[in-house]
Amino acid sequence: MTSTDSKTTGAAAAAPILQIKDLNVTLRKEQELIPILHHVNLTVHAGEIVGLVGESGSGKSMTASAVTQLLPGGSKSLQGSINFCGEELTTKSEKEMAHYRGKEIAMIFQEPMTCLNPVFTVGQQLEDVICTHQHLQGGEAHARAIAMLENVHIKEPEKMLKAYPYELSGGMRQRAMIAIALSCSPKLLIADEPTTALDVTIQAQILGLVKEAADKAGAGVIFISHDLGVIAQVCDSIAVMYSGEIVEAGTAVEVLTTPRHPYTKALLAAIPGFTPKGAERLELCAIPGMVPDPREHMDGCRFAPRCSVCGENCTAKHPPLHVAGDGRSVCCWKEAEAGDTAITAS
Ligand SMILES: Nc1ncnc2c1ncn2[C@@H]1O[C@H](COP(=O)(O)OP(=O)(O)OP(=O)(O)O)[C@@H](O)[C@H]1O
Ligand SMILES: [Mg+2]
């Protein structure tokens, strides 16, 4: 058993921090209803990093926005359950959600400037969060701010506290944002493409910080990326999203070494130098076509028009979700037609 397997198995024994069940999200724009998420299921345990991967427009950020109840304005409908530490978030008021955001559920994004206020120093912003959520004042809040910056391996924390965001490099700004996000010891950290804009060295350092948040602080993490190569470096389990659906999920080892959904296989084939175990690599393959517009109704599998193994069933009827006993799930007609021991859910 690998360390990742044992970590996931150990985490699975405890109650999850987050459990999303059968989540459907529809947005209304003027007179139009736009179905964005379809039957999304996702579970995150303490200390576990769950990767949410898929191309642009597949619904990763919308899933995160549903958890924080920060879906785009206008009227929207949200069905299903989002259970966070035993509390149902879908029925919380805006005031109640404000208690969770920032304190129990923290977020980091690709562009730190979306979170950092340009007119305040890092120290003012970090100490403000610590005062509000940790109820510490003055010297205690300052000491805690220094400790948080040291946690994200900032060598001169006093200097950093006095700096304005625009004075920092991209990597330093990302560290400051992570320090602010972790300063309240959140139970859940949502990292939405936090390394996309960074060079590989800084990217590796930021991935290390996310791992530390899970390993040392015990936070559950949803790590969002369009890059399966990045996901492979940091995640314990993986959910692959396509056009608003999770098409495959399982432990990172399983999904990466024995991908079952044609979309997962195609994503892996698009990573330079990556060959799944037992597979023959012939050439680096881009996936033809694009993620469909969410307004586009399809009777069958939403990946069918781009799928290299698409059959008759695939365009006619939506594939059933196969959930294997070990928690591995795949939503594909080929899996259903293979008819092994999997349990079929609608
Ligand atoms: N404000 C909005 N109004 C209507 N549709 C939206 C809105 N924001 C996003 N969408 C649509 O919702 C779908 C999912 O978008 P989402 O932002 O979750 O994708 P993503 O997987 O995070 O992509 P990316 O990798 O580009 O960040 C897309 O089709 C997108 O066009
Ligand atoms: Mg996104």
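The values are calculated or read from the model by the stated rules, or taken from the named source; none is laboratory data. Since the structure is predicted, the reported quantities are computational estimates derived from the model, not experimental observations. Here the Cβ positions follow ideal geometry from the backbone for every residue, glycine too, while neighbour counts run over all protein chains shown.
Of all residues in segment 67-86, count the ones that are small (G, A, S) and surrounded by 14 or more Cβ atoms within 10 Å (Cβ to Cβ).
2
Report whether or not R260 is in contact with a helix residue (DSSP H, G or I) (Cβ under 7 Å, 6 or more places away or on another chain), at pLDDT below 95 and among the basic types (K, R).
yes
Check segment 231-240 and report whether any residue there is in contact with a Pro (Cβ under 9 Å, 6 or more places away or on another chain) and modelled with pLDDT of 90 or more.
There is at least one residue in segment 231-240 that is in contact with a Pro (Cβ under 9 Å, 6 or more places away or on another chain) and modelled with pLDDT of 90 or more.
Name every residue in segment 211-229 that is touching a helix residue (DSSP H, G or I) at 6+ places or on another chain (Cβ under 7 Å) and buried (at least 22 other Cβ atoms within 10 Å of the Cβ), in order of residue number.
Passing the criteria: A213, A219, V221, I222, F223, I224, S225, L228.
I'd like to know if segment 119-127 contains one or more residues that are surrounded by fewer than 17 Cβ atoms within 10 Å (Cβ to Cβ), of a type outside the set (S, T, Y), in a loop (DSSP other than H, G, I, E, B) and on the phi < 0 side of the Ramachandran plot.
yes
In a helix (DSSP H, G or I), free of Cβ contacts under 8 Å to residues at least 40 places away in the same chain and within 16 Å of ligand 1 (Cβ to nearest atom) - does that describe any residue in segment 212-225?
Checked segment 212-225: no residue is in a helix (DSSP H, G or I), free of Cβ contacts under 8 Å to residues at least 40 places away in the same chain and within 16 Å of ligand 1 (Cβ to nearest atom).
Among the residues of segment 161-176, are any under 21 Å from the mean Cα position of the chain (by Cα) and among the hydroxyl-bearing types (S, T, Y)?
no
Could you please tell me which pairs satisfy a Cβ distance under 6 Å, a separation of 6+ or placement on different chains, a first residue in segment 53-68 that is closer than 10 Å to L37 by Cα, and a second residue that is near ligand 1 (Cβ under 6 Å from one of its atoms) and not in a strand (DSSP E or B)?
Close Cβ pairs (under 6 Å, with a partner that is near ligand 1 (Cβ under 6 Å from one of its atoms) and not in a strand (DSSP E or B)) amount to K60/G54.
Here is a list: L37, L71, L78, L52. Which entry is in contact with a strand residue (DSSP E or B) (Cβ under 7 Å, 6 or more places away or on another chain), more than 25 Å from A145 (Cβ to Cβ) and assigned to a loop (DSSP other than H, G, I, E, B)?
Answer to the selection: L71.
Looking at the structure I just gave you, is V44 of a type in the set (V, I, T) and over 24 Å from L256 (Cβ atoms)?
Working: of a type in the set (V, I, T): yes; over 24 Å from L256 (Cβ atoms): no.
No.
Within the group H153, H135, H142, which residue is without any contact (Cβ under 8 Å) to a residue 60 or more places away in the chain and over 26 Å from G208 (Cα atoms)?
Checking each option against the conditions leaves just H135.
Would you tally the residues in segment 27-56 being buried (at least 19 other Cβ atoms within 10 Å of the Cβ) and within 6 Å of ligand 1 (Cβ to nearest atom)?
Selection size over segment 27-56: 3.
Filter segment 321-339 for residues that are within 20 Å of E296 (Cα to Cα) and either in contact with a strand residue (DSSP E or B) (Cβ under 6 Å, 6 or more places away or on another chain) or among the acidic types (D, E) (or both) and give the result.
Within segment 321-339, C331 is the sole residue that qualifies.
Consider segment 168-200. How many of its residues are free of Cβ contacts under 8 Å to residues at least 40 places away in the same chain and part of a helix (DSSP H, G or I)?
Residues that pass the stated criteria total 4.
Inside segment 308-336, can you point out the residues that are buried (at least 21 other Cβ atoms within 10 Å of the Cβ), within 25 Å of the chain's Cα centre (by Cα) and free of Cβ contacts under 8 Å to residues at least 60 places away in the same chain?
P319, H322
List the number of the failed condition for G229; all other conditions in (1) within 16 Å of ligand 1 (Cβ to nearest atom); (2) outside any helix (DSSP H, G or I); (3) without any contact (Cβ under 8 Å) to a residue 60 or more places away in the chain hold.
Answer for G229: the failing condition is (2).
State which residue is modelled with the lowest pLDDT when the search covers only segment 307-325 and only residues that are in contact with a Gly (Cβ under 9 Å, 6 or more places away or on another chain) and outside any loop (DSSP other than H, G, I, E, B).
Among them, the one singled out is N313.
Across segment 88-105, what is the number of residues that are surrounded by 13 or more Cβ atoms within 10 Å (Cβ to Cβ) and of a type in the set (D, E, K, R)?
4
Condition check ((1) more than 26 Å from S58 (Cβ to Cβ); (2) among the charged types (D, E, K, R); (3) modelled with pLDDT of 90 or more) across all residues:
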site: A147; (1), (2), (3): yes, no, yes
site: R173; (1), (2), (3): yes, yes, yes
site: A181; (1), (2), (3): no, no, yes
site: P186; (1), (2), (3): no, no, yes
site: L189; (1), (2), (3): no, no, yes
site: T196; (1), (2), (3): no, no, no
